[in-house]
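J.: Okay, handing you the structure first.
The values are calculated or read from the model by the stated rules, or taken from the named source; none is laboratory data. Here the structure is a predicted model, which means the values were calculated and not measured. Because the Cβ atoms are built from the backbone with ideal geometry, glycine has one as well, and the counts that use them run over all protein chains shown.
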Number of protein chains: 4
Amino acid sequence: MLTINRLSQTEAHLLIEGARRKAIEIEVPMCIAIVDESGNMISFDRMDGAKITSITIAQDKAFTAAAARKATHEYNAACVPGNLVFGIHTAIGGRLCVVGGGLPVVVDGAVVGGIGLSSGSPQQDMECAEAGIAYLEQHLSNPR
Amino acid sequence: MLTINRLSQTEAHLLIEGARRKAIEIEVPMCIAIVDESGNMISFDRMDGAKITSITIAQDKAFTAAAARKATHEYNAACVPGNLVFGIHTAIGGRLCVVGGGLPVVVDGAVVGGIGLSSGSPQQDMECAEAGIAYLEQHLSNPR
Amino acid sequence: MLTINRLSQTEAHLLIEGARRKAIEIEVPMCIAIVDESGNMISFDRMDGAKITSITIAQDKAFTAAAARKATHEYNAACVPGNLVFGIHTAIGGRLCVVGGGLPVVVDGAVVGGIGLSSGSPQQDMECAEAGIAYLEQHLSNPR
Amino acid sequence: MLTINRLSQTEAHLLIEGARRKAIEIEVPMCIAIVDESGNMISFDRMDGAKITSITIAQDKAFTAAAARKATHEYNAACVPGNLVFGIHTAIGGRLCVVGGGLPVVVDGAVVGGIGLSSGSPQQDMECAEAGIAYLEQHLSNPR
């Protein structure tokens, strides 16, 4: 029998909160999606003013990062014509997203979920995703 | 130019909070989705223990209720073989959901969004959806 | 070589105009879709206030009526459990629509297109679809 | 509650009329799609002779421009292998279109809808989309 570690709803909310704070700081309203280690959505928030297209893209970034256990910007770097990975961006009906902004959430060496941001530039999306993970880690190490 | 009223993220969170409290009360972890008046998702939460299938179903209930401006259980009542509405349940790739648990959110006579619940029985889903709307209305009338 | 008769854009607009006039008369804003004899869309209009879900459903009704050369309410009557036609409503990813409101457009004995209405009751949708066809026929017989 | 401005059907028709006039002038029959600020279709026209594939592409261009609040040719410029945006063209089942010819419709600083053209070269599609917007703006500033 396998034992799986998975983000709880509370932890998903911490990820969103950290990402949201960064989004407010850089003044870019974002779509923020959190999925579990199986790629299934736990929580989602569209900040007022975030893009409609980003609703799906944020989810797909989170899905990709968790289910493939790889940051979407890493796929992006490899997904160039001539590289054997090229073409992965159309997989799973296009759900496999290679646009920067999706990060796996790793705790104790295991991927326990994923976070995906969309509405800014990929760099902004990545910055907010990292802020979400930092916020979670801060609370996990100070569990009061 | 048309002028449209739409749920804000804060109001979406109130809807979720009201539904979540009822879900805790009846001890059924739920998937809870909130969409705007155009059917686009604003916020989503999967409570720990809610069903994986309900992730999509909750969203589709909320989408249907807002975008068709009709409760999903009302479609359910009409969607019987021999009735001219029958077949509507497979429309839009199956996104049009006629299972009870999706309600339009009406403020000042206009549909401003939708709420969809899934993981319990349809009656439980409906009860939680109603609780979400009641909780929002209580806060809208006491805007402190 | 086959020679196909197909609605022109002008004729599509006449169909929409006739349907729209009836929709205004019965005070139900409608989504109105016109497709050609191959089921491909020619023209579409969402009247202010029509339903978002009806955008797709109106198109699917028109598609079904033209491409299957059968009114959607006729499919509805046959699509009951136990009848060998039952299940047709899930065909083509659900695009085959058996909800009343889609009519083939027949000129000189041949189906040259389809009209689909959605946002009212199926009976209202059918009434407006018929009004569209009547309006076209009136102009075809008085080609000034 | 958020208050949103959205194209009316009358304004959608002005956008189409402006685009159509340009299409006639350059002698390229076009598919023309207008969506609202949420990406939902308001009006569509396929001019006699326009391409069948363009029925979907015109809609997807309009959807992208409105829902992402960005011209499709701007996405095109960024969507090159090695850029972190690369891969966005397969998002949302391929509905996110990076082919030139989709423009957001901006009124008083807010995106109120989108226009998408397809059947010519991307340059021709863009030229007609711009003509549609110019035609609308001319009528909005002379509201008689």
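J.: Under the condition of being touching a residue at least 60 places away in the same chain (Cβ under 8 Å) and hydroxyl-bearing (Ser, Thr, Tyr), which residue from segment B:50-60 is surrounded by the most Cβ atoms within 10 Å (Cβ to Cβ)?
T.: B:54
J.: What are the residues in segment B:45-63 that are β-branched (Val, Ile, Thr) and within 7 Å of another protein chain (Cβ to nearest Cβ), if any?
T.: Across segment B:45-63, the qualifying residues are B:52, B:55.
J.: Would segment D:18-36 turn up any residue that is surrounded by 24 or more Cβ atoms within 10 Å (Cβ to Cβ), more than 9 Å from every other protein chain (Cβ to nearest Cβ) and under 30 Å from residue A:123 (Cβ atoms)?
T.: yes
J.: Which residue out of D:128, D:79 is under 30 Å from residue A:84 (Cα atoms) and of a type outside the set (D, E, K, R)?
T.: Going through D:128, D:79 in turn, the sole match is D:79.
J.: Quick one: which residue in C:2, C:14 is buried (at least 19 other Cβ atoms within 10 Å of the Cβ), among the aliphatic types (A, V, I, L, M) and farther than 22 Å from residue D:36 by Cα?
T.: Among C:2, C:14, only C:14 is buried (at least 19 other Cβ atoms within 10 Å of the Cβ), among the aliphatic types (A, V, I, L, M) and farther than 22 Å from residue D:36 by Cα.
J.: Still on this structure, please answer the following. Would you tally the residues in segment A:133-143 being surrounded by fewer than 17 Cβ atoms within 10 Å (Cβ to Cβ) and not in a loop (DSSP other than H, G, I, E, B)?
T.: Qualifying residue count, segment A:133-143: 6.
J.: I need the full set of residues from segment A:40-96 which are over 24 Å from residue A:23 (Cα atoms) and aromatic (Phe, Trp, Tyr), in order please.
T.: Matches in segment A:40-96: A:86 only.
J.: For segment B:107-124, indicate whether the set of residues that are under 19 Å from residue C:120 (Cα atoms) and hydrophobic (A, V, I, L, M, F, W, C) is non-empty.
T.: Yes, segment B:107-124 contains a residue that is under 19 Å from residue C:120 (Cα atoms) and hydrophobic (A, V, I, L, M, F, W, C).
J.: Ok, one more. Please pick out the residue among B:30, B:47, B:41, B:1 that is in contact (Cβ under 8 Å) with a residue 12 or more places away in the chain, farther than 11 Å from residue B:117 by Cβ and either among the charged types (D, E, K, R) or touching a helix residue (DSSP H, G or I) at 6+ places or on another chain (Cβ under 8 Å) (or both).
T.: Result of the check over B:30, B:47, B:41, B:1: B:41.
J.: Looking only at segment B:97-125, count how many residues are surrounded by fewer than 21 Cβ atoms within 10 Å (Cβ to Cβ) and either of a type in the set (Phe, Trp, Tyr) or within 21 Å of residue B:23 (Cβ to Cβ) (or both).
T.: The qualifying residues number 5.
J.: OK, next. Please determine, by comparing only the residues of segment A:8-31 that are in a loop (DSSP other than H, G, I, E, B) and out of contact with any Ser or Thr (no Cβ under 9 Å at 6 or more places or on another chain), which one is nearest to residue A:60 (Cα to Cα).
T.: Of everything passing the filter in segment A:8-31, A:8 is nearest to residue A:60 (Cα to Cα).
J.: Starting from residues that are of a type in the set (Gly, Ala, Ser) and either more than 16 Å from the chain's Cα centre (by Cα) or more than 14 Å from chain A (Cβ to nearest Cβ) (or both), keep the ones in segment D:71-86 and report whichever is surrounded by the fewest Cβ atoms within 10 Å (Cβ to Cβ).
T.: D:82
J.: Continuing with this model, one more query. What number of residues within segment C:87-120 are without any contact (Cβ under 8 Å) to a residue 24 or more places away in the chain and more than 8 Å from every other protein chain (Cβ to nearest Cβ)?
T.: Adding up the residues that qualify gives 6.
Residue by residue, here is whether (1) modelled with pLDDT under 95; (2) within 11 Å of residue B:60 (Cα to Cα); (3) among the basic types (Lys, Arg); (4) out of contact with any His (no Cβ under 8 Å at 6 or more places or on another chain) holds:
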{"site": "B:101", "(1), (2), (3), (4)": "no, yes, no, no"}
{"site": "B:114", "(1), (2), (3), (4)": "no, yes, no, yes"}
{"site": "B:117", "(1), (2), (3), (4)": "no, yes, no, yes"}
{"site": "B:130", "(1), (2), (3), (4)": "no, no, no, yes"}
{"site": "B:137", "(1), (2), (3), (4)": "no, no, no, yes"}
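J.: Of the conditions (1) more than 15 Å from residue A:125 (Cβ to Cβ); (2) within 11 Å of chain D (Cβ to nearest Cβ); (3) among the aliphatic types (A, V, I, L, M), residue A:42 clears all except one; give me its number.
T.: That leaves (2) as the condition not met.
J.: To continue, here is another question. Could you tell me which of the residues D:19, D:58 is small (Gly, Ala, Ser), in contact with a helix residue (DSSP H, G or I) (Cβ under 6 Å, 6 or more places away or on another chain) and modelled with pLDDT of 95 or more?
T.: Of D:19, D:58, the one residue that is small (Gly, Ala, Ser), in contact with a helix residue (DSSP H, G or I) (Cβ under 6 Å, 6 or more places away or on another chain) and modelled with pLDDT of 95 or more is D:19.
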